[in-house]
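Worksheet for the structure shown next.
The values are calculated or read from the model by the stated rules, or taken from the named source; none is laboratory data. For clarity, every value in this text was computed on a predicted model and none was experimentally measured. For the accessible areas, the whole protein counts, side chains as well, though only heavy atoms, and no ligand, DNA or RNA atoms are used. Shrake-Rupley method; radii C 1.70, N 1.55, O 1.52, S 1.80 Å.
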Amino acid sequence: MFGEKKENRFVKLSIEGVKDVACMQVVVDTWTGIQYLFAESFGNAGGLTALLGEDGKPLICEEYRRKKE
């Protein structure tokens, strides 16, 4: 119970700073493989959105997607 190590559901793929104004991170959901862009301003504002392909469907990172048993 207390000693169990849980696998993180979300993993950061990349982090970029934008001229002391903001930080952008690409995060992947390891359950679904869907990639998200998280943008955070250093003034306590932020937003999260799914990254979409040309077809309008979410981008999937198969490397991190949990395989269905």
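Miscellaneous remarks
- Number of Lys pairs (Cα under 26 Å; 8 or more positions apart or on different chains) in the chain: 9
- Annotation: per residue accessible area for the chain equals 85 Å², rounded to a whole number [probe 1.4 Å, protein chains only].
- Of the accessible area of the chain, computed with a 1.4 Å probe over protein heavy atoms only, carbon and sulfur atoms account for 54 percent.
- Among the listed options (1) 13.9; (2) 13.6; (3) 12.2, the one matching Kirkwood radius over Cα pairs in Å as calculated from these coordinates is (2).
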